[in-house]
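Chemist: Below is one structure. I have some questions about it.
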Amino acid sequence: MVVGESVVVKWLTPPAPLPQPTPDVFAHLTSVGFTATATPYASVSRNDDDGDGLLLALVTAYLPDARDGWEWCVDEAVSGHVGFATDLGVLAADLHAAMATPSTTFPDPLRQAPAVPAAGATAWSVRAGEALDEALALTGGEDGDWLAAHADALRAELTPLSWADATPLIRIHGDLHVGQILRWRDGYAVIDFDGNPTVTGADPFQPAARDLAQLITSLEHVGQVAVRRRDAHPLVIAAWTVTARDALESAYLARLAELGHTALLDRSLVRPFEIEQECRELIYAARHLPRWRYAPMGVLRSWYP
């Protein structure tokens, strides 16, 4: 709800049991000087009948003329512009550097990935494998047949997760796609730090590569939307997607280096996290939005022609 074109009240329906990450993340980002988000003003909570805390609402600043990336970024794809991708790469790097900076809220923001167990399966590889299995189970018809035929190739792309034990871990956004990035009168703002809707009980400390992979794949989804809904030419969009992806990742790496946080990104994890994300898009489509399935399937088919 927008109140007086001054604040936005986001009501959680149903209320979420406390503790929830968003109020603490807002407090942390504010204290370390990260401003590329809607300024957080307050959170509203209460106790239920059992005395347990519930988060009812979050109150943030209203951003004039704001549009989310499923609008403005699709416009960019149709027009062939890619300059925005550099801005998004810088924004993501700034966010991750801020998450890696100590504050009174998060005095120890960096962790090291746990050692790979003797069985050779990290929690990340298990999680990704389960996502692939679930996507296979939930995707039917011609798409399901295609997915089953490519299951071995997809599973092979996940193997780097089985030995990933050197990357530093930070609190990540967890659901970082273009729809979470508003373009408003004064620039860009990343919103909604509620985590991935298809994942429950995930450790808040994750590789930065997970956020980067999801943001990059969302550019692929933008391309699919442009073709499907705006009659953009598939070959033109394919070229746009490659250019935009490269620009975003290059800007992200350059900004991390500038900020002294190059070690935050393990690039070997980006591709497997991309594969996992497409599986999660299929899960989301099957559970909540069946018409969305064309986007992740279109991306996967472009990767495995």
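The values are calculated or read from the model by the stated rules, or taken from the named source; none is laboratory data. Please read all numbers here as calculations on a predicted model, not as lab measurements. Quick reminder, even Gly has a Cβ in these numbers, built from the backbone with ideal geometry, and neighbours come from all protein chains shown.
Chemist: Of all residues in the stretch 11-27, count the ones that are at pLDDT 90 or above, closer than 22 Å to L95 by Cα and not aliphatic (A, V, I, L, M).
Modeler: Residues that pass the stated criteria total 4.
Chemist: If you check R185 against the conditions, is it more than 23 Å from L289 (Cβ to Cβ) and out of contact with any strand residue (DSSP E or B) (no Cβ under 6 Å at 6 or more places or on another chain)?
Modeler: yes
Chemist: Can you confirm whether T241 is among the hydroxyl-bearing types (S, T, Y) and under 27 Å from K10 (Cβ atoms)?
Modeler: For T241, the condition - among the hydroxyl-bearing types (S, T, Y) and under 27 Å from K10 (Cβ atoms) - is not met.
Chemist: Of (1) under 30 Å from D203 (Cβ atoms); (2) at pLDDT below 95; (3) not polar (S, T, N, Q), G4 satisfies all except one. Which?
Modeler: G4 satisfies all of (1) under 30 Å from D203 (Cβ atoms); (2) at pLDDT below 95; (3) not polar (S, T, N, Q) except (1).
Chemist: Looking only at the stretch 261-305, which residues are of a type outside the set (A, V, I, L, M, F, W, C), part of a loop (DSSP other than H, G, I, E, B) and either without any contact (Cβ under 8 Å) to a residue 12 or more places away in the chain or within 20 Å of G179 (Cβ to Cβ) (or both)?
Modeler: If the condition is that a residue be of a type outside the set (A, V, I, L, M, F, W, C), part of a loop (DSSP other than H, G, I, E, B) and either without any contact (Cβ under 8 Å) to a residue 12 or more places away in the chain or within 20 Å of G179 (Cβ to Cβ) (or both), then H288, P305 are the ones that fit.
Chemist: Residues that are surrounded by fewer than 21 Cβ atoms within 10 Å (Cβ to Cβ), out of contact with any helix residue (DSSP H, G or I) (no Cβ under 9 Å at 6 or more places or on another chain) and touching a residue at least 60 places away in the same chain (Cβ under 8 Å): find the helices (runs of 4 or more DSSP H) completely inside the stretch 17-99 holding 2 or more of those.
Modeler: In the stretch 17-99, the matching helices (runs of 4 or more DSSP H) lie at 21-31.
Chemist: If A92 satisfies all but one of (1) touching an Asp or Glu at 6+ places or on another chain (Cβ under 7 Å); (2) at pLDDT below 95, what's the number of the condition it fails?
Modeler: Status for A92: all satisfied but (2).
Chemist: Answer yes or no as to whether V126 is free of Cβ contacts under 8 Å to residues at least 12 places away in the same chain, aliphatic (A, V, I, L, M) and outside any loop (DSSP other than H, G, I, E, B).
Modeler: yes
Chemist: So, in the stretch 244-270, how many residues would count as being under 24 Å from T159 (Cα atoms), surrounded by 15 or more Cβ atoms within 10 Å (Cβ to Cβ) and among the charged types (D, E, K, R)?
Modeler: 3
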